[in-house]
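This report refers to the structure that appears directly beneath it.
The values are calculated or read from the model by the stated rules, or taken from the named source; none is laboratory data. The structure presented is a predicted model; accordingly, all values stated were derived computationally and were not measured. Using ideal geometry, Cβ is built from the backbone for each residue, glycine included, and neighbour counts are taken over all protein chains shown.
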Amino acid sequence: MTWSATVLTIQPDMFPGPLGVSLSGKALAESAWSLETHDIRRHATNRYGSVDDTPAGGGPGMVMRADIVAAAIDAVERRDRPVILMTPRGRAFTQARARELAAGPGAIFVCGRFEGIDQRVIDGRNLEEISIGDYVLSGGELASMIVIDAVVRLLPGVVGASDSLSEESFEQGLLEYPHYTRPQVWEGREIPEILTSGHHKKIRDWRLAQSLELTKLRRPDLWDAWQRRHGVAPTKH
Ligand code: SAM
């Protein structure tokens with residue numbers, strides 16, 4: 001069975017968008033995964049196709065209606081796939097969640113617009129809430145594309161060399177080491193000598209040291225977790 005994504009949206013024309021080019025696009029063309037959109041407006045109950053209404057309790061903006069969003073969710077075949085709501089209030093998306101999703105049959109994505117969707121659908125349909133970061137986008141479509149892209153590149157055969165995946169940032173709980181390629185000298189800057197030494201063990205050690213240093217400097221949260229996993233008391237910040 002191919003990994004399949006269904007996206008519930010009021011902007012179906014945004015898809016496949018960037019997912020239709022490069023690695024994910026090639027894999028889509030080769031049916032290594034599948035993508036369908038489902039227009040939430042199909043479930044609108046008035047002739048204007050409205051999917052939203054004013055917020056109960058007052059306040060700015062509009063809220064997507066529970067009955068309409070639920071009808072869209074219920075119209076899609078589940079096939080054991082999790083139903084994910086893209087929302088800044090969700091749990092932060094991680095490489096670990098991308099790996100879990102890639103190991104499953106696919107996912108159904110609900111894309112919010114306006115102020116978001118009525119809480120009763122989230123509760124009533126037991127939606128998994130995922131955020132792609134601490135900032136607010138105007139809709140869930142780009143956020144769902146980011147999750148789909150991160151998952152699709154983990155599917156078997158999508159990225160050529162599978163070692164390039166296992167060494168990437170976050171896979172070992174660390175940021176990746178820096179990369180270099182030809183020319184040997186660029187604007188007076190040389191490739192670190194060790195990388196051209198041909199000494200594989202020293203290169204591995206150098207890369208690990210770089211990963212540790214970068215993680216410690218830039219991501220104290222990951223660094224603490226890594227130290228804990230390796231039985232080291234976390235550094236005081
Ligand atoms: N009122 C909401 C809040 O303050 O949490 C923001 C709504 S936002 C303007 C509209 C939609 O964009 C959301 O319902 C969600 O689907 C999507 N969205 C915005 N930022 C997101 C993020 N960081 N991660 C995932 N989805 C996001």
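For segment 113-152, what are the residues that are within 21 Å of Ala103 (Cβ to Cβ), away from the ligand (no atom under 11 Å from the Cβ) and of a type in the set (Asp, Glu)? The answer is Glu128, Asp149.
Among helices (runs of 4 or more DSSP H) entirely within segment 87-195, having at least 3 residues that are closer than 30 Å to Gln227 by Cβ singles out 95-103, 140-152, 162-166. Do the conditions hold for Ala92, that is, is it surrounded by fewer than 17 Cβ atoms within 10 Å (Cβ to Cβ), away from the ligand (no atom under 12 Å from the Cβ) and either over 23 Å from Arg41 (Cα atoms) or polar (S, T, N, Q) (or both)? So Ala92 does not fit the description; no. Sub-6 Å Cβ pairs linking a first residue in segment 99-118 that is in contact (Cβ under 8 Å) with a residue 60 or more places away in the chain and within 23 Å of Arg41 (Cβ to Cβ) to a second residue that is part of a helix (DSSP H, G or I) and within 14 Å of the ligand (Cβ to nearest atom), at least 6 apart or interchain, are Phe109/Ser144; Cys111/Gly140; Cys111/Glu141; Cys111/Ser144, ordered by first then second residue.
Just checking, does segment 67-89 include any residue being of a type in the set (Lys, Arg), more than 12 Å from the ligand (Cβ to nearest atom) and either under 26 Å from Asp221 (Cβ atoms) or free of Cβ contacts under 8 Å to residues at least 40 places away in the same chain (or both)? Yes, segment 67-89 contains a residue that is of a type in the set (Lys, Arg), more than 12 Å from the ligand (Cβ to nearest atom) and either under 26 Å from Asp221 (Cβ atoms) or free of Cβ contacts under 8 Å to residues at least 40 places away in the same chain (or both). Among the residues of segment 40-72, write down those that are outside any strand (DSSP E or B) and either outside the structural domain of Ile108 (by TED's automatic domain parsing) or in contact with a Phe, Trp or Tyr (Cβ under 8 Å, 6 or more places away or on another chain) (or both). The answer is Gly61, Met62.
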